[in-house]
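Here's the structure, in structure tokens; my notes come after.
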Amino acid sequence: MTPDEIVGRLGSGMTLGIGGWGSRRKPMALVRALLRSDVTDLTVVSYGGPDVGLLAAAGRIRRLVTAFATLDSIPLEPHFRAARERGAFELVELDEAMFMQGLTAGAQRLPFLPIRAGLGSDVLRVNPHLRTVTSPYEDREELVAVPALRMDAALVHLNRADRFGNGQYLGPDPYFDDLFCEAADTAFVSCERVVDSAELTAHAAPQTMLVSRHAVTGVTETPGGAHFTSCVPDYGRDEPFQKAYATAAADPDAWDAFRTRFLSRTGTERDYRLAVQNWHKEQR
């Protein structure tokens, strides 16, 4: 599929999961395609990074479920911060482990899973919908009942995939992308390169086969599709460009110019890559 064909399967009002972690291996080509569409009113489930920031800046988020929203080298995602300060969307902020437990419950089609994380913290205070359960065994321990994070669709980016939907990560961390795919009704994988199935395990260990075809609806080959986030070992984070993004976010006029140059709704992913290449040439 193409990124635009994938976005054509999405609709306003959906609950959308976005894989990756902070500013690492985010499916940014799919996020950019989403920005070119009219899809809005989304509930976004994400270990947030610039995916959340861009969707927030465009007013596409109605509700956000997250553990954080960061650019890693820049601690707080600036568009997320601005959107929260003006009350632009509802926020469900969970502990990182609670978030993972919610994904696991969703993948296993369970209503909830218990966890100790969150007890004794303000997570329960700021999320009054969360409940606790008591162990039915002799210990009678009280635990947080984390509700399943179920999604209509999930978007993830991986290093390699085959045309059947098997996806492989080659970097240091899977970032729970498999859980996002399994907890969603439909899942779409963008990748740096589509390869023959045999090549996936020819030069890498079988455990790098993170995503299985049974959980994937469509695949798209998008070289550089995680830019400006990292996709190790194919490429690292584009720190100069990320800094320019964050700097532009602080000024409305600068952001309008950034959006016009790099995120035009009439543009394509190829236009984006060319604009970034020209920007880097200008910085020399």
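The values are calculated or read from the model by the stated rules, or taken from the named source; none is laboratory data. Computed from a predicted structure; not experimentally measured. Heads up, the Cβs are rebuilt from the backbone with ideal geometry, glycines too, and the neighbour counts pull from every protein chain shown.
Worth a mention:
- Test result for VAL211, more than 20 Å from TRP21 (Cβ to Cβ) and crowded, with 17+ Cβ neighbours inside 10 Å: no
- Residue among GLY171, GLY165 that is small (Gly, Ala, Ser), closer than 30 Å to THR201 by Cβ, assigned by TED's automatic domain parsing to the domain that holds TYR47 and crowded, with 17+ Cβ neighbours inside 10 Å: GLY165
- Residues located in region 223-251, provided they are of a type in the set (Gly, Ala, Ser), surrounded by fewer than 21 Cβ atoms within 10 Å (Cβ to Cβ), touching a residue at least 60 places away in the same chain (Cβ under 8 Å) and in contact with a strand residue (DSSP E or B) (Cβ under 8 Å, 6 or more places away or on another chain): GLY224
- Residue in region 254-265 that is surrounded by 14 or more Cβ atoms within 10 Å (Cβ to Cβ), of a type in the set (Gly, Ala, Ser), touching a helix residue (DSSP H, G or I) at 6+ places or on another chain (Cβ under 8 Å) and not assigned by TED's automatic domain parsing to the domain that holds ASP178 present: yes
- Filtering region 35-53 to residues that are among the hydrophobic types (A, V, I, L, M, F, W, C) and within 24 Å of MET100 (Cβ to Cβ) leaves LEU42, VAL44, VAL45, VAL52.
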